[in-house]
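Since every read-out is calculated from the coordinates, none of them should be taken as a lab result. Given the structure is predicted, the values throughout are model-derived calculations rather than measurements. When we count neighbours, we look across all protein chains shown, and the Cβ atoms used for this are built from the backbone with ideal geometry, even at glycine.
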Amino acid sequence: MMPFDMRPDAVMQELTSYGQKLSHGMKNLMEVGEISTGVTPKTVVYQEDKLTLFRFNPSAEKVQNKVPLLIVYALVNRPYMADIQENRSTIKALMDAGQDVYLVDWGYPDRADRYLTLDDYINGYLDRCVDVIRERHRIDKINILGICQGGTFSLCYSALHPDKVKNLVTMVTPVDFQTPDNMLSHWVQQVDADLVVDTLGNVPGEMLNWTFLNLKPYQLMGQKYLGLLDTLDDPEALKNFLRMEKWIFDSPDQAGEAFRQFIKDFYQQNKLLKGGLEIGDPVSLKNVSMPVLNVFAEQDHLVPPDASRAMRGKLGTKDYTELSFPGGHIGIYVSGKAQKTVPPAIGKWLDERS
């Protein structure tokens, strides 16, 4: 480490440089304008209650795979993380890889959604979205890509409706919710879900966001803002930072009954892995009979690799493939390395089976 130069002229020079950088940075902040997210053009093809089903406007010469791909995102965050900006868009990269991409946007639940259950989300909303796509393309089965909690939903859906899913891709998807290195699970296992839901009704997104940030408090709530000082004088880097901040704090509330069941059945009783899960009907991973590609991040602090790898040997398919990425839970969508490797690999895997 270089020793700090305590000479008065050096200290004054450092303070002057810092002041100039801060002044320039404040000017950039004042001029930054609206922070755009969800950059790839898309069209609404179906709406129901808070849900919207989008189709990303396909380019005829780029679509090679005639089986459409439906992306199912988590309830706890907004799906534009997969399309955060032009040069960091998993969705655009999938389209460049020849896929015809749809996306479920769950919207923002309010008091009217207090009693929505996992059955409503998976056998109701998601199933109707799948049927809309099947009818539009006049096919029996579609491809599904589930991300994080949306991957868990997609596994459950594929087990309950295997006749409608041709290929399944899961990204950073938990299956074993009680691995020893899962800090979030250790916290959640102590939560009285009944007391939370009976008291609050819907669970505030701000409360969940606070929980996620406190898993790595120094890095996620301190270090990054200290690093912001080195970003303020670069307008593009500043916009990138603010896009991520916008997504991090754009946390929908959670429908009370769905939250209750997800916490108790998945985190606290680990029923997806151990058995006994019911979502309308019994859910068995052995009924997941279609080809599965399981993509996980090696430095994921929210969904540790072992939590995803737990599906190996538990499914009903013999066509099971794993793809590991040397990064974290967010980096797998937005890092430059991920953009060059993960979506093309998914596209190739789907093309070979579609």
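Protection proxy ranking for 197-203, 249-255, 166-172, 42-48, using the average of other Cβ atoms within 10 Å per residue and placing the highest first: 166-172, 249-255, 197-203, 42-48.
Per-residue 3J(HN,Hα) values for the range 180-186, derived from phi via the Karplus relation 6.51 cos²θ - 1.76 cosθ + 1.60 with θ = phi - 60°, read x, 8, 8, 5, 4, 4, 4 Hz in sequence order (x marks Gly and Pro).
Here the calculated FRET efficiency for GLU206 and GLU245, from their Cβ-Cβ distance with R0 = 22 Å, stands at 0.95, rounded to the nearest 0.05. With the simple spin-label model, which puts each label point 7 Å out from Cα in the Cβ direction, the ASP96 to GLN189 separation comes to 4.2 nm. Amide hydrogen proximity for LYS42: with H placed 1.01 Å from N in the peptide plane, the residues at 5 or more positions away or on another chain lying under 5 Å are ASN57. Ordering ILE122, ILE144 by the number of other Cβ atoms within 10 Å of each residue's own Cβ, fewest first, gives ILE122, ILE144.
Each distinct pair of alpha carbons in the range 168-210 adds a 1/r term; the inverse of their mean, the Kirkwood radius, is 12.5 Å. Here the convex hull built on the C-alpha positions of the range 42-353 has a volume of 128 cubic angstrom per residue. Here the simple spin-label model places points 7 Å from the Cα toward Cβ, and for ASP306 and ILE139 these points are separated by 3.8 nm. Using the Cβ-Cβ distance between GLN269 and VAL44 with R0 set to 56 Å, the FRET efficiency works out to roughly 0.90. Full extension of the chain segment joining LYS66 with GLU352 gains 101.8 nm, where the gain is 0.36 nm per residue of separation less the Cα-Cα distance.
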